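Peer 1: Okay, handing you the structure first.
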Amino acid sequence: MNAKANKNHVTSIEPAYYQAVTEAIRKEAVKILKDETVVGVVGYLPGRRQGTASPALVTTVEEAEKLIFSPACVNNLSVYLTKAKKGVLKQGKVGIVAKGCDMRALAGLMTESQLQREDLFIIGVVCPGVYGFGVERTGTLTEANIARKCRECTVHMPEGADVAAGTHTELADLTPEEAEEMARIEAMPQAERWAFWKEHFSRCIRCMACRQVCPFCYCEQCLCDKNRPQAVESSPRPAGNMAWHLVRAMHLAGRCGGCAECERVCPMDIPLNLLNRRMAKELKELYDFEAGLAPVDKGPLNQYKEDDDQSFIK
Amino acid sequence: MPQIITEQNLRNLIDLLVKEAKLVVGPKLSGSVVLYEPLTAGSDLTLDALPRRSSKELFFPICEDILSYKRENGSMKVTDVDRSQFPEAVLIGAPPCDAGSPAILDAVMSWDYKDEFYLERRRKSTIVGIACTKGDDACFCRAVGLAPDAEAGSDLFLTPLKDGSYACKAVTEKGEALVAAHRNLFAEGAGGDPVPFVDQGVGKLDLVKIKKWLEEHFEDPLWEKIADICVGCGACAFICPACHCFDINDEGSTDDGVRRKHWDACGFAKFTNHASGHNPRDVQNKRYRNRIMHKFKYYDGKFGKTLCTGCGRCIRACPVGIDIAEILETINSKQD
Ligand code: SF4
Ligand code: SF4
Ligand code: SF4
Ligand code: SF4
Ligand code: SF4
Ligand code: SF4
């Protein structure tokens, strides 16, 4: 299973590390395609521009030999396994390259009966981190260009993969920007907090990128697309935007795996992962539950127990 | 006669226009992003970064009311939006990939149906374009027939000079009128050396050849290849200076509400979903194909223009790294 932990704290992750992971992924992908364990592998291919990569569904050995892993491999590929997006699974068992944070989505999707473990071959990536948005993409990962979520990553070592690519190494002593920001917002008086989100949501253009990349937004009929009757205003105006984001935060509570994809893709820089983290904190406090650490029968919000905390009913 | 304007006078010009009760819109830092927003003073203008969304929203807002309705004494009263109230506007600091967009969109907005909301704003606006010196490897304006110093769409065109001032060229009567009305801010003379432009990663594209290939490849494995990874959001269309799809929704109650026009995108699964339930573009590959076809074939066929200014915004923003310039290069290099 997982590679032996070789925990190094460093101040930069050099391209050589990603190259080693790349080699391991290629080797494994080629093998499982050759021996027909899988019909395809969801992984990453390099982009045209320097320091970019994009998701790819590879089905041949030649393509598999081009797969990469670099700090540009930011996407959570599990979105391609949900029925709302692609449903590549229907063709047979599929291989998928998954970082620790992406594995949480896979576990969550299994919990929700969207995926079966035996239909997947998971190539786990022992991941030191990926690029943040709009940073210098030179190949070396440093404190200056690492993604916010990676600063506080607890899943560098993927658990429960079929194989793991890489050894453990991570950047040392990173400031937990997200935690600090969350603490700052929690300390605000309610009116100020409301104003903070109002300001952010007023910029939302309803491009729905946040919904479309989320592995848990797999509903075929989203409440927000419905206009007869209309539940949430679909035009990008402050009131409807606020409603949409509240609905979304509630729908993701107890389910969101924390991949921060929604935040990464937002063209308007709305810090959506703060909402996700806040909801996750509620779930932890109320139900001692953390989504996506391992598949479970039912999440706490999908079942009723007599001894559930009811103190929130006022 | 060529003119120059110093940076300070450019900011003074904005101050004056604001005083004249004009709506002045330009790149402005808004939170962590630069957007085209109303400027309240010359000091608001920032020319450091390409705004995240294009300037089309000055003419084609994200969302606008087009009428309101109210039931009174059993009958419905409908009130139109008074378009004569739209303000006189000056768009300032738009690079060629943005300034050029209305020149493309006018065609579709004044075709069989005249979109008076868009057209009224166009009539009342003056565009001050600026030569672009800050492109990156997603830019490809040259490849689609524009250039970092293309004047298309601008009424007045500014070229940044190495000494920090700008060379000005009045391209249209609107531009001349703007200079004439604020003559004291401009000085005569050709100015010094222009700031050099950035190289672009994409070579010249043969748009005629690309169109021909598209005509012959409505069905092609390429569409599946792209659509396999496209997640079907509206990001690419919403931030595009040339995309102009919109939806109309009545919002409110059956007794009292507003009809609104707001952005739509061919990436969305419900784009072209008919009331019958039939959807001619029911899967993602048909929708992404529509995006390329519309930009490089249909629009050209109908209006003789390419529906893309090469701004690269969709490339930078696509959540899954779909690169329209790369797709065009692929098509451009195809032999059949
Ligand atoms: S959160 Fe952890 S596993 Fe996910 S990309 Fe960052 S470092 Fe890798
Ligand atoms: S990605 Fe951002 S702008 Fe788009 S709908 Fe989501 S929050 Fe709004
Ligand atoms: S809500 Fe955001 S962080 Fe949570 S799983 Fe979805 S995309 Fe990832
Ligand atoms: S299609 Fe992309 S590159 Fe072309 S104008 Fe639109 S956003 Fe810019
Ligand atoms: S059909 Fe697509 S590409 Fe064409 S204008 Fe509409 S959103 Fe843009
Ligand atoms: S932004 Fe990318 S993923 Fe979204 S619709 Fe456009 S091409 Fe598809």
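The values are calculated or read from the model by the stated rules, or taken from the named source; none is laboratory data. Please read these numbers as outputs of a predicted model, since none were measured by experiment. Note that each Cβ is placed from the backbone with ideal geometry, even for glycine, and that neighbours are counted across all protein chains shown. Ligands, DNA and RNA are excluded from the accessible area calculation, which covers all protein heavy atoms including side chains. Shrake-Rupley method; radii C 1.70, N 1.55, O 1.52, S 1.80 Å.
Peer 1: Compute the Cα gyration tensor for the protein assembly as shown, then decide on rounded, prolate or oblate, letting a ≥ b ≥ c be the square roots of its eigenvalues: rounded whenever a/c is under 1.5, prolate when a/b is larger than b/c in the other cases, and oblate in all that remain. Provide the component values of the computation, followed by the final result.
Peer 2: Working: a/c = 1.62, a/b = 1.40, b/c = 1.16.
It comes out prolate by the Cα gyration axes.
Peer 1: Using a 1.4 angstrom probe with every protein chain in place, what is the largest-first accessible-area order of B:LEU205, B:LEU67?
Peer 2: Numbers: B:LEU205 10, B:LEU67 30 Å².
From most exposed to least exposed: B:LEU67, B:LEU205.
Peer 1: So, one more: Suppose only helical runs count, i.e. DSSP H with n ≥ 4. What mean residue ellipticity at 222 nm does that imply for chain B under -39500 (n - 2.57) per run, divided by all residues and rounded to the nearest 500 deg cm²/dmol? Before the final figure, lay out the partial values.
Peer 2: Working: 11 runs with 94 residues, N = 336.
After summing the helix terms and dividing by the residues of chain B, the value is -7500 deg cm²/dmol.
Peer 1: A follow-up question, please. Would you give the gap between the C-alpha center of segment B:115-154 and the C-alpha center of segment B:37-53, rounded to a whole Å?
Peer 2: That distance is 16 Å.
Peer 1: So, one more: How large is ³J(HN,Hα) for each residue in segment B:202-207, as worked out from phi by the Karplus curve 6.51 cos²θ - 1.76 cosθ + 1.60 (θ = phi - 60°), to whole Hz, x for Gly and Pro?
Peer 2: So the Karplus estimates, Gly and Pro as x, are 10, x, 4, 9, 8, 5 Hz.
Peer 1: Could you give the nm distance between label points at A:ALA243 and B:LEU67, where each point is 7 Å from its Cα heading toward the beta carbon?
Peer 2: 2.2
Peer 1: On average, how many beta carbons from a partner chain sit within 10 Å of the beta carbon of a residue in B:225-231?
Peer 2: Mean inter-chain Cβ contacts per residue within 10 Å come to 6.
Peer 1: Here is a further query. Based on DSSP H runs of at least 4 residues, each adding -39500 (n - 2.57), what is the mean residue ellipticity at 222 nm of chain A after dividing by all its residues, to the nearest 500 deg cm²/dmol? Each step should come with its number before you reach the end.
Peer 2: Values: 9 runs with 100 residues, N = 314.
Rounded to the nearest 500, the figure is -9500 deg cm²/dmol.
Peer 1: Could you tell me what percent of the accessible area of segment B:126-234 is made up of carbon and sulfur, with a 1.4 Å probe and every protein chain present?
Peer 2: Result for segment B:126-234: 53 percent of the exposed heavy-atom area is carbon or sulfur.
Peer 1: So, with +1 on the Cβ of K and R and -1 on the Cβ of D and E, and no other charges, what is the size of the charge dipole of segment B:155-263 about its Cα centre, to the nearest 20 debye? Display every interim value, and only then the final one.
Peer 2: On the way: 12 positive and 19 negative charges, 93 e Å.
In debye, rounded to 20, segment B:155-263 gives about 440.
Peer 1: If you don't mind, another one. As I understand it, the dipole of segment A:202-289 uses +1 on the Cβ of Lys and Arg and -1 on the Cβ of Asp and Glu, about the Cα centre. Which of A:ASN227, A:LEU283, A:GLY258 lies farthest toward its positive end?
Peer 2: In segment A:202-289, that residue is A:ASN227.
Peer 1: Please state, rounded to one decimal and in Å, the Kirkwood hydrodynamic radius that segment B:167-300 gives when every pair of distinct Cα atoms enters the mean of 1/r. Working shown, then result.
Peer 2: On the way: mean 1/r = 0.0512 Å⁻¹.
About 19.5 Å for segment B:167-300.
Peer 1: Run the dipole for the protein assembly as shown about the Cα centre, Lys and Arg Cβ at +1, Asp and Glu Cβ at -1, nothing else charged, and hand back the magnitude in debye, nearest 20.
Peer 2: On the way: 83 positive and 90 negative charges, 193 e Å.
In total the dipole reaches around 920 debye.
Peer 1: Name the residues of segment A:42-70 whose accessible area falls by at least 50 Å² when all protein chains are present instead of the chain alone, probe 1.4 Å?
Peer 2: Those residues are A:ARG48, A:ARG49, A:LEU57.
Peer 1: To continue, here is another question. For segment B:56-120, what does the accessible surface come to per residue with a 1.4 Å probe? Please give it in Å². Present the calculation step by step, with values, prior to reporting the outcome.
Peer 2: Details: 2930 Å² over 65 residues.
Accessible surface, normalised per residue, equals 45 Å².
Peer 1: Would you kindly derive the ³J(HN,Hα) couplings of segment A:268-280 from the backbone phi angles with the Karplus curve 6.51 cos²θ - 1.76 cosθ + 1.60 (θ = phi - 60°), listing them in order in whole Hz, with x for Gly and Pro?
Peer 2: 9, 6, 8, x, 4, 5, 5, 5, 4, 5, 5, 5, 4
Peer 1: Further question: Using a 1.4 angstrom probe, figure out how much accessible area segment A:165-216 has per residue, in square angstrom, rounded to the nearest whole. Provide the component values of the computation, followed by the final result.
Peer 2: Values: 2280 Å² over 52 residues.
Averaged over the residues of segment A:165-216, the accessible area is 44 Å².
Peer 1: Skipping prolines and chain starts, which residues have an amide H placed within reach, meaning under 5 Å, of the one on A:VAL10, given they are 5 or more residues away or on another chain?
Peer 2: The answer is A:GLU170, A:LEU171, A:ALA172.
Peer 1: Pop out the ³J(HN,Hα) list for segment A:244-257 in order, Karplus 6.51 cos²θ - 1.76 cosθ + 1.60 with θ = phi - 60°, rounded to Hz; leave Gly and Pro as x.
Peer 2: 4, 6, 5, 4, 5, 4, 5, 5, 9, 4, x, 10, 3, x
Peer 1: I'd like the mean, over residues of B:21-33, of how many other protein chain beta carbons sit within 10 Å of each residue's own Cβ.
Peer 2: Values: counts 0, 0, 0, 0, 0, 0, 0, 0, 0, 4, 7, 7, 6.
Shielding by partners across B:21-33 averages 2.
Peer 1: For segment A:78-146 and segment A:191-266, write down the distance between their C-alpha centroids in whole Å.
Peer 2: 22
Peer 1: Rounded to the nearest 100 Å², what's the accessible area chains A and B bury against each other, both chains counted, probe 1.4 Å? Present the calculation step by step, with values, prior to reporting the outcome.
Peer 2: On the way: alone 15970 and 16010 Å², together 28890 Å².
Protein heavy atoms only, the A-B interface buries about 3100 Å².
Peer 1: Please list, ordered by chain and number, the residues whose modelled amide H lies under 5 Å from the amide H of B:VAL33; skip anything fewer than 5 residues away on the same chain.
Peer 2: none
Peer 1: Okay, next question. Relative to the Cα centre, what is the charge dipole magnitude of chain A, using +1 at the beta carbon of each Lys and Arg, -1 at the beta carbon of each Asp and Glu, and rounding to the nearest 20 debye? Kindly include the intermediate steps, with their values, before the conclusion.
Peer 2: Values: 40 positive and 41 negative charges, 199 e Å.
In debye, rounded to 20, chain A gives about 960.
Peer 1: How long are the three semi-axes of the equivalent ellipsoid for segment A:197-314, computed from the Cα gyration tensor as the root of 5 times each eigenvalue, in whole Å, largest first? Could you put the intermediate results ahead of the total?
Peer 2: On the way: eigenvalues 132, 54, 42 Å².
So the equivalent ellipsoid measures 26, 16, 15 Å along its semi-axes.
Peer 1: Here's another thing I want to ask about it. Does segment A:112-169 come out rounded, prolate or oblate by the C-alpha gyration tensor, with a ≥ b ≥ c the root eigenvalues, rounded set by a/c under 1.5 and, if not, prolate when a/b is larger than b/c and oblate if not?
Peer 2: Working: a/c = 2.58, a/b = 2.01, b/c = 1.28.
The shape class here is prolate.
Peer 1: Short version: which residues of segment A:191-225 lose at least 50 Å² of accessible area, all chains versus chain alone, 1.4 Å probe?
Peer 2: Listed by number, the residues meeting the 50 Å² cut-off are A:ARG203, A:ILE205, A:CYS207, A:GLN212.
Peer 1: Now for a separate question. Over all residues in A:230-238, what is the mean tally of Cβ atoms on other chains that come within 10 Å of each residue's Cβ? List each step's numbers first, then the result.
Peer 2: Details: counts 4, 0, 0, 7, 8, 13, 7, 7, 0.
Rounded to a whole number, the mean comes out at 5.
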